Each structure stands twice: as C-alpha cells, then as structure tokens.
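The block underneath contains the structure these notes are about, expressed in structure tokens.
The values are calculated or read from the model by the stated rules, or taken from the named source; none is laboratory data. Everything numeric in this text was worked out from a predicted model, so none of it was measured. Heads up, the Cβs are rebuilt from the backbone with ideal geometry, glycines too, and the neighbour counts pull from every protein chain shown. We work out accessible area using only protein heavy atoms, side chains counted, and drop any ligands, DNA or RNA first. Shrake-Rupley method; radii C 1.70, N 1.55, O 1.52, S 1.80 Å.
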Amino acid sequence: MARRLKAALRGEDSTQDAALTRTVEELLAQVEAGGDRAVRELANKFDGLDRNSYRLSEAEVRRCVESLTKQQREDIEFAQEQVRNFARAQRAAVKDIEIETLPGVILGHKNIPIANVGCYVPGGKYPLLASAHMSVLTAKVAGCDRVITCAPPFQGELAPLIVAAQYLAGADEIYCLGGVQAIAAMAFGTETIKPVDMLAGPGNAYVAEAKRLLFGRVGIDLFAGPTETMVIADDTVDGEMCATDLLGQAEHGVNSPAVLLTTSEKLARDTIREIERLLQILPTREIARKAWDDYGEVILCEDDDEMVHEADRIASEHVQVMTADPGFFLERLKNYGSLFLGARTTVAYGDKVIGTNHTLPTKKAARYTGGLWVGKFLKTCTYQRVETDEASAMIGKHCSRLCIMEGFVGHAEQANIRIRRFGGLNVPYGAAAE
C-alpha cells in the first residue's frame, strides 16, 4: 500500500473562488459594453500601458525582431521548427473520410479549420515566448485563416522576445494587451478588433476564469490551472535528478503541485534532502519553496503497478518517468497530460523546444482530455448523401417507424414524403411506414 513520506500541507482546492468569478464577470461586462475605451482603461490600470491602439505596428514588430541577437533568433527558430514539424505530422494523421455504408448511402466527414483564433501569450511574471510557438504555430499548421495574439507588456514595456516569437510563428495581428481585457477584446471584439471564434493559450487565474466564463460564446482549447509535475522514479536515478525535475516546475507558481512516486525509500529520502539543498541556491526559491511546502508530495509505492495506479489517480499534467523500464509506463498509464520517458528527456524540453505542445490539462482533466494539438483547431463536420431512389425509400421506412415510436410525427413525415416520392408507396400522412 502506498504511503506518504511527505504530504502536501494544502489539499486540492475544488471550489471556485466566488470573488474572482465576480471580478472577472464585471471586467468582461465592462469590455463588452465599452469596447476600445474600456480596454484602454483596463490596460492602463492593470498593465500601466496607455496607447491609442494596442495593435503593434509593422515598425514596432520589426524593431522587436531586429533586437534579437543572432543566437536568440536561431534558438527561437529552432524551437519553432520542432513544434511545426510535429504539428505537421499530427495534421497529416487527421484524415477526411467518405464511405458507402449501404448501397447508395454515402457518409463522410471533413476536418475544417476554425476561421478566427485568438492566442493568449502570458508574460506578466516571465516572458513566456514559448507559448507563442505552441498556440500560433499549431493553429497555422491546422490551416486557420486568421490567428491573432495578445500578450501583456513586460515590466511596463513591449516584450521584444514575445513579440518576435509571435511574428516568427506567423501571427496575423499582434496586440500588446494582457489579462481579462485581452481575453474579452478577442472574444467580444471591439471597434478595432474583429472577434475570434476560439481562444487558446494559458494564463493566470483571471485569464483562465475569463476563458471558462466565455466558453460557449467562443470555443476554448482547454481549462488550464497551475502547472503540475510528477516524477516516477526508481533506484536507477539519484536524488539530485529527481529534485531538479521537481523544483524546475515548482518555480512556475506557489500553487504548483510537485509529486514524486518511487519504489525506493532511499531515493525518496535522498530527493527530499536534495530539494532542501537546491532550495538554498535556486534563484526562484521563494516561489519553489512555497509550492514544495504546500503542494509537494513524496509517495512510496510497493511496485511499478502501484505507481501506475497512483499516477492515474493523480492525473498530473507532466509525468517524468525515470525507471529501469519506462516503456512499462507508456503502455499502462492512462491519465496524464504528457509523458517524458527516461532520464535523457525532461519536462523543460517539452515546455520550450522539443516539439510537443506544452499547453496541457491540469486539475485531473487528463482523465478526459489531452493537451493542445492541431486537432483542437479543427472542426470535424459530418455530411450525408443518398444517391438512389431505392436507398432513400429503404432508409425512409426505418426512419418513419422509429420517429413514430418517439412520437415525432413531423419527423416521420420528412421520411414519408420521400417514401412516396422515391419509393412509390402510399404512406398515410402521420403514419408509420409498413
């Protein structure tokens, strides 16, 4: 039976912060009613940036791109090429289909890109330029016609790295706008911003709540909460490796869970000691310390099967597997955002450069969804075609009887009129076909 050598001080918060929801609802209503004026007021209030237009000009974008060093541009382009290559492979795997299910009955589906997509790129605490690759590039590979981006200023100014990443990823419109006002402006539209059909990209609690409240009016990629990481390890690795991978994600935020599952008590205790050592020297230790103290866990399991059980129960966003047989977990795990198999890879690779998408399910959503990918930007829409009179009459008879079973006489008549026209049979009005 699994036992905790370190338990989280705070449990998972399953309640919605009512005050946060009210605040976000008020901000959304303010932008919906006030348009550009309200956006400007909120941007000035929350981001300290006052502009006549928050869309960046070509000259502003060009200056940001030109400010990159040669190495910075090469690194951004390398990361984007990896994301693009994997997204293209995913797109190639998504096929339109058409089949003849019965003689003369043709069914099919088409995968249609969403026309207008708004991508949020967070940048208030850290300039997360990688989020531009993950959303903009993926939407572009899917074939979306118009992809716009919003990112807040960084320390009161345009964030050149984020702007450059958005431009190089292929954004059609780039706005220096953050928070709820950015989400609202993209969803509702304003006098100068055409509304979008779908919102994508991570953000803080206010951004996440705005997306949740707007879901239905627009599509969203997924509900994203605080970053989560899990390390599954045995005695084939050491405590320093495990501690580094746990703290590397804990620095995202003070409410980021970091969990170690292991079959080795020695590794578990070594990892706890290494975490304490690294927290003395990690520059982001203030955030990582609180995350580890409040949400960190170390769970000792009997065997690999029990680690699979615990991992699926927790359903973490990121799962790093460092064991003698990582393939065992690839075959058996069901609930995770993304897997990182073996000590040679790490979550940071997925976050920044390796090519898989870093926008992933949190708060146990991995039980029912995967992360952001090309398919999120596609609508799979079905169609039907009946090519012969005989097929229409044959399907119509079944349909007529089924509709009468349910009491839908009008539905039945849709079938009956076709039986009369194409089958030559006299079905009384409102009756079931024989």
*Calculate, for the chain, the solvent-accessible area per residue in square angstrom, rolling a 1.4 angstrom probe over the heavy atoms of the protein chains.*
49 Å²
_Apportionment of accessible area to carbon and sulfur, region 321-423, percent (1.4 Å)_ = 55 percent
_Beta bridges per DSSP with both ends in the chain, % antiparallel, nearest 5_ = 35 percent
*Using only protein heavy atoms and a 1.4 Å probe, report how much of Leu161 is accessible, in Å² to the nearest 10.*
60 Å²
*Enumerate by residue number the GluC sites (Glu not before Pro) in region 155-197 meeting two conditions: DSSP loop (anything except H, G, I, E, B), and at most 12 other Cβ atoms within 10 Å of the site's Cβ.*
Glu191
_Residue of Leu102, Leu360, Leu168 that the Gaussian network model of the chain assigns the largest fluctuation, springs spanning Cα pairs under 10 Å_ = Leu102
*asked:* With a 1.4 Å probe and all protein chains kept in place, how much accessible area does Cys381 have, in Å² rounded to the nearest 10?
replied: 50 Å²
_Average Cα contact separation per residue, the chain, under 8 Å, 6 or more apart, as relative contact order %_ = 19 percent
*Report the dimensions of region 82-240 along its three principal axes from the alpha-carbon atoms, largest first, rounded to Å.*
65, 60, 30
_Largest-first principal axis extents, alpha carbons of region 244-345, Å_ = 37, 28, 25
_Sites Asn44 and Leu20, calculated FRET efficiency, Cβ-Cβ separation with R0 30 Å, nearest 0.05_ = 0.90
_Calculated from backbone phi, Karplus (6.51, -1.76, 1.60) coupling profile of region 343-359 in Hz, x at Gly/Pro_ = 6, 6, 10, 7, 4, 4, 4, x, 4, 10, 8, 6, x, 6, 7, 9, 8
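With all protein chains present, how much of the accessible area of region 1-133 (probe radius 1.4 Å) comes from carbon and sulfur, to the nearest whole percent?
52 percent
For a Förster distance of 22 Å, can you work out the FRET efficiency between the beta-carbons of Gln280 and Arg10, rounded to the nearest 0.05?
With a Förster radius of 22 Å, E is 0.45.
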_Bridge type composition, region 127-278 - antiparallel percent by DSSP, nearest 5_ = 10 percent
*Phi to ³J(HN,Hα) by Karplus 6.51 cos²θ - 1.76 cosθ + 1.60 over region 374-381, Hz, x for Gly, Pro*: 3, x, 5, 9, 10, 9, 8, 10
*Å³ per residue of the Cα convex hull, for region 39-161?*
142 Å³
_Based on C-alpha coordinates, I'd like the Rg and Dmax of the chain, in Å._
26.2, 87
